[in-house]
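The values are calculated or read from the model by the stated rules, or taken from the named source; none is laboratory data. Just so it is clear, the model here is predicted, and its values are computed rather than measured. Cβ placement follows ideal geometry from the backbone for every residue including glycine, while neighbour counts extend to all protein chains displayed. Ligands, DNA and RNA are stripped out before the accessible areas are found, and what is left, the full protein with its side chains, is counted by its heavy atoms. Shrake-Rupley method; radii C 1.70, N 1.55, O 1.52, S 1.80 Å.
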Amino acid sequence: NQFSLEPPDQGLCVGNGYVVEAVNSVIRIWNTSGSALTGVVALNPFFGYAPAINRTTGAFGPDVIDPVCYYDPDNNRFVVAITTLHHVGTTGAFDGKNTIDLAVSNTGNPTGTWTVYHVPAQNDGTDGTPNHGCTLDGTNPGPCFQDYPHIGADKYGVYISTNEYDLFGPQFNAAQIFAFSKVQLAAHPAAIDVTLVENLNV
């Protein structure tokens, strides 16, 4: 129910005696002796989405790509983040919406319950996003796309950096940073705050 994506981007984080590994399409949890503690779990259902493809009906779910992972030693939590491209219904056509999705373990045991957050990231003025001026074709307005997220942290926050491109057009816009409170993530509320540090260029 997943596609075989290339390259198989990997996210790996270790803490509290556990190893969490995600690659494009799947996630699995191990102990630090190398024994698997879970089966191989597809990323689509892990993040609360329909399967990437239902091979019986041919219906498509969202494309979840580029997983990254971080263990927060201050709050004893694991964080897995991805970029998700959404489709028009169950077709394979992109609808312009994309999200930065975070799954946060509710405790220091990643084999237990996780809380998932979906942050709109098309940055075209819809769904509460700013308008970064991305285009459909180099001229006409269109949605942006957050590519290749990376993850980092300090004692205050978890930070997801992305490269922002036109989703349908030809242009690179700028780097973006999505900043989250570590304390808030550890408390796993129903909704979280995010600060977008926009349009960074060197």
**Request:** For T90 and F3, calculate 0.36 nm times their separation in residues minus their Cα-Cα distance, and state this gained length in nm to one decimal.
**Result:** 29.8 nm
**Message:** Suppose only helical runs count, i.e. DSSP H with n ≥ 4. What mean residue ellipticity at 222 nm does that imply for the chain under -39500 (n - 2.57) per run, divided by all residues and rounded to the nearest 500 deg cm²/dmol?
**Reply:** -1000 deg cm²/dmol
**FRET efficiency for H150 and T32, using Cβ-Cβ distance with R0 set to 30 Å, rounded to 0.05** = 0.80
**Prompt:** In the chain, what percent of the accessible surface is made up of carbon and sulfur (1.4 Å probe, ligands and nucleic acids excluded)?
**Reply:** 54
**Request:** Would you calculate the separation in nanometres between label points at R55 and N16, each defined as 7 Å from the Cα along the Cα-to-beta-carbon direction?
**Result:** 3.5
**Item:** Gain upon complete extension [T126, F172; 0.36 nm per residue less C-alpha separation]
**Value:** 14.6 nm
**Request:** Might you tell me the accessible area per residue for the chain, computed with a 1.4 Å probe and given in Å²?
**Result:** 46
**Hydrodynamic radius (Kirkwood) for the chain, which is based on Cα pairs only, to one decimal in Å** = 17.4
**Message:** What whole-number distance in Å separates the alpha-carbon centres of region 130-200 and region 22-90?
**Reply:** 19
**Asked** Once fully extended, how much extra length lies between V116 and V41, figured as 0.36 nm per residue of separation less the alpha-carbon to alpha-carbon distance?
**Response** 25.5 nm
**Per-bin percent of Cα-Cα distances, region 1-106 [5 Å]** = 2, 13, 21, 23, 18, 11, 6, 4, 1, 0
**Fill in**
Hydrodynamic radius by Kirkwood for region 1-61, inverse mean 1/r across distinct Cα pairs, in Å, is 12.6
